[in-house]
Structures are given as structure tokens and as C-alpha cells.
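The values are calculated or read from the model by the stated rules, or taken from the named source; none is laboratory data. Only a predicted model underlies this, so the values are computations on that prediction, with no experimental measurement involved. Reconstructed Cβ throughout: ideal geometry from the backbone, glycine too, with neighbour counts over all protein chains shown. For the accessible areas, the whole protein counts, side chains as well, though only heavy atoms, and no ligand, DNA or RNA atoms are used. Shrake-Rupley method; radii C 1.70, N 1.55, O 1.52, S 1.80 Å.
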Amino acid sequence: MPDNDIPQVPQPDDAVVGKEAGAQMLAAACAARDAFYATLGTVDADVLAPLVNPAFMGGPRWPSLRQAWRVIRRADSILIASDGLSDPFEDDDDVFVPRGHLLEVCIEAPLAAFDGDAVQASWLFDVIYQVSQNVADHGSIDLLVQRHGSVSMVLDVQDAPAGLEDEDEQVGVLLAQGAATLPPAFATPYGEVLLLAVTVLQPAELAHIGAAEDKAQSRRDLAAALAASPTGHLSVARRPALIPR
């Protein structure tokens, strides 16, 4: 057989061309992500997804268009993780590029934070929904995390718990890679995908970042303080503010 007839196996970050090859790449990416999420806890069979894709109404488009989140139940907490930010990108010429935005985001909170209500109806789901959309819209959050160690955002959260909003009625969040009970990344056939933990901030913590001369360092210091605290990366509405010195 001539050398040029030997099928070439795509290397990490290599694109594939054609709907069939793209479907195979997407299936492999989804299988790797599903397998990883299963190591974190018991994954609900149903995914959380909007009835109408926000991309059709002017919202950010996710890599494979699909937008979803998984609910992962742990012994004393519930974790909600994006499911699709790391899907392969597809362009108009049916060229597929693996790993999408190179990351997925998640938020974890104690069981009590949900008060027995449906996860999708909680303010915590609104947080991870908005963070996911911001990641898709920005497109390069992975580079900011690699450069600065963490990223902060402010969100207009529906039904935010009392005392969590700042003077502008917004809620701050910190995105950081790695936590005591969360791996910093997971493997796919096409390379690693980052897992960013989202932690809801107290207003004083958000103000501390905003007032800092070196905001990147203030975020790194806060991430370290949170990691060393009793609640760690968990999003807890009422806890003492941690102001690194």
C-alpha cells in the first residue's frame, strides 16, 4: 500500500474535515467528559438545557452549538458543571477543531443551599449559567487563567441571597483551577481540558479585588485564602469574608 494511502490519525489539536469525522470527534469528547464527571459523584441522567438555545436569540454560541449542564451529587453537596464548552468547534466549512474553549466550569454548594428545590430553579444554577455564557462569549478565559492564576466576574444574579449583592446589586465570583476535591483538568483523546471552580464571593471580597493595585495578585491571594478556609471552594451565601493581608 502506498504511504499516502495510510489513514492518518489526528494528533491533539488537529482539525478533522467532514460531518462524519466531526461527529466521531464530538462523541469521543463527550465520552471523555462524561467519564470524568462520573468520577466526581453520581451524575443525574438528565442534563439541564434551555428549551430554546440562547444562541438563536442573540446569545453567545457554544463550540458545537449545544448548551447543557450536568448535576453531580456528592455525599454532602451538589456540583453543577457546564457540559459543552469543550466540545469541538465547527466552522461553516465543516472543519472541526477539538477541545473548544479548552475548559469547563463548575460550581459546588452544600445540600442545604438548595433547600430541597430543583437545581435548575436555584440561584446557584443562575450563577453557573451566566459564568458559562460569559466564558463562551469571551472565548479566551483559559489564557487569562494561565496568565493570572484566576479570573473574577460580576453577575446580575436572580434571587441572590440577602447580603450577597454589592452596592450595585451584583454578585462577584472567582474562577480558579484546582481545589481540594476537584482535579484541575481532565483528559480527552485530544488533550487536557481545564476544570475551573466557581466560588461566589462576599461583597467585601469583591471590593477588595476592585480596590487592589495588583488585581491579579489580589485574586491569587483570595483563592489561596479560600482554599485554606473551612468552606474551601464551595459557594456559601453566608460566611465570613476573607480579606488577605
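Taking each residue of the range 114-140 that is at pLDDT below 95 and looking for partners that are outside any helix (DSSP H, G or I) with beta-carbon atoms closer than 6 Å, six or more apart or interchain, yields PHE114/SER122. Hey, can you tell me all the residues within the range 86-110 that are of a type in the set (A, V, I, L, M, F, W, C), within 22 Å of VAL145 (Cβ to Cβ) and either without any contact (Cβ under 8 Å) to a residue 40 or more places away in the chain or surrounded by 19 or more Cβ atoms within 10 Å (Cβ to Cβ) (or both)? Scanning the range 86-110 gives PHE89, LEU102, LEU103, VAL105, CYS106, ILE107, ALA109. Once the range 1-34 is narrowed to residues that are more than 22 Å from LEU65 (Cα to Cα) and part of a helix (DSSP H, G or I), the residue that is modelled with the highest pLDDT is ASP5.
Candidates ALA187, ALA207: the one that is small (Gly, Ala, Ser) and in contact with a Phe, Trp or Tyr (Cβ under 9 Å, 6 or more places away or on another chain) is ALA187. Scan the range 35-85 for residues that are surrounded by fewer than 17 Cβ atoms within 10 Å (Cβ to Cβ), aromatic (Phe, Trp, Tyr) and modelled with pLDDT of 95 or more and the total you get is 0. State yes or no: is GLN146 farther than 25 Å from ASP34 by Cβ, touching an Asp or Glu at 6+ places or on another chain (Cβ under 7 Å) and at pLDDT below 95? No, not satisfied.
Among the residues of the range 134-146, are any more than 16 Å from the chain's Cα centre (by Cα) and open to solvent by 20 Å² or more (accessible area, probe 1.4 Å)? Scanning the range 134-146 turns up no residue that is more than 16 Å from the chain's Cα centre (by Cα) and open to solvent by 20 Å² or more (accessible area, probe 1.4 Å). Residues in the range 189-213 that are in a helix (DSSP H, G or I), open to solvent by less than 20 Å² (accessible area, probe 1.4 Å) and either aliphatic (A, V, I, L, M) or in contact (Cβ under 8 Å) with a residue 60 or more places away in the chain (or both): 1 in all. Restricting attention to the range 173-188 and to residues that are in a loop (DSSP other than H, G, I, E, B) and either basic (Lys, Arg) or modelled with pLDDT of 95 or more (or both), the residue that is most open to solvent (accessible area, probe 1.4 Å) turns out to be PRO184. Close Cβ contacts (under 7 Å, 6 or more residues apart or on different chains) running from residues in the range 147-158 that are in contact (Cβ under 8 Å) with a residue 60 or more places away in the chain and of a type in the set (S, T, N, Q) to residues that are open to solvent by 20 Å² or more (accessible area, probe 1.4 Å) and outside any strand (DSSP E or B) comprise SER150/ARG219; SER150/ARG220; SER150/ALA223; SER152/ARG219.
Only a single item in (1) part of a helix (DSSP H, G or I); (2) open to solvent by 30 Å² or more (accessible area, probe 1.4 Å) is not met by LEU222, and it is number (2). Can you name every residue in the range 230-240 that is open to solvent by less than 60 Å² (accessible area, probe 1.4 Å) and more than 21 Å from LEU40 (Cα to Cα)? Result: ALA237, ARG239.
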